[in-house]
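The values are calculated or read from the model by the stated rules, or taken from the named source; none is laboratory data. No experiment lies behind these values; they were computed from the predicted model shown. In this analysis, Cβ positions are derived from the backbone assuming ideal geometry, glycine residues included, and neighbour counts consider all displayed protein chains.
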Amino acid sequence: MTQKINIDGIEHGLDTLSDDAKKLVARLQDTDACIHEMKNLLAIFTRAKRSYIAELKREIIKGKSGVDIASLFD
């Protein structure tokens, strides 16, 4: 089965492309993989940020009221 790439709704067989075009396809695939990895990292960092904010809120409440709300969830 011939591998194909879809560009602007038109499918092109990879075996019909020039060597330079095949190199560009490989770079495109590498770029897509990097974008996917960066999106995963963004999700991880976003979750970490939310966790830090939640912990900061607990610390602020604890400092103002003397109540450690974290112990309420244990």
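Results for (1) in contact with a helix residue (DSSP H, G or I) (Cβ under 9 Å, 6 or more places away or on another chain); (2) outside any helix (DSSP H, G or I); (3) over 30 Å from L14 (Cα atoms), shown as yes or no for each residue.
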residue	(1), (2), (3)
Q29	no, no, no
A33	no, no, no
L41	no, no, yes
R47	no, no, yes
K62	yes, no, yes
Output for the stretch 64-74, where each listed residue is of a type outside the set (K, R) and either in contact (Cβ under 8 Å) with a residue 12 or more places away in the chain or out of contact with any helix residue (DSSP H, G or I) (no Cβ under 8 Å at 6 or more places or on another chain) (or both): S65, G66, A70, S71, L72, F73, D74
Test set (1) surrounded by 10 or more Cβ atoms within 10 Å (Cβ to Cβ); (2) modelled with pLDDT under 95 - L72 fails condition number: (1)
The stretch 5-27, subset of a type in the set (V, I, T) and not in a helix (DSSP H, G or I), residue surrounded by the fewest Cβ atoms within 10 Å (Cβ to Cβ): I10
Among (1) under 28 Å from the mean Cα position of the chain (by Cα); (2) in a helix (DSSP H, G or I), the one test that A70 misses: (1)
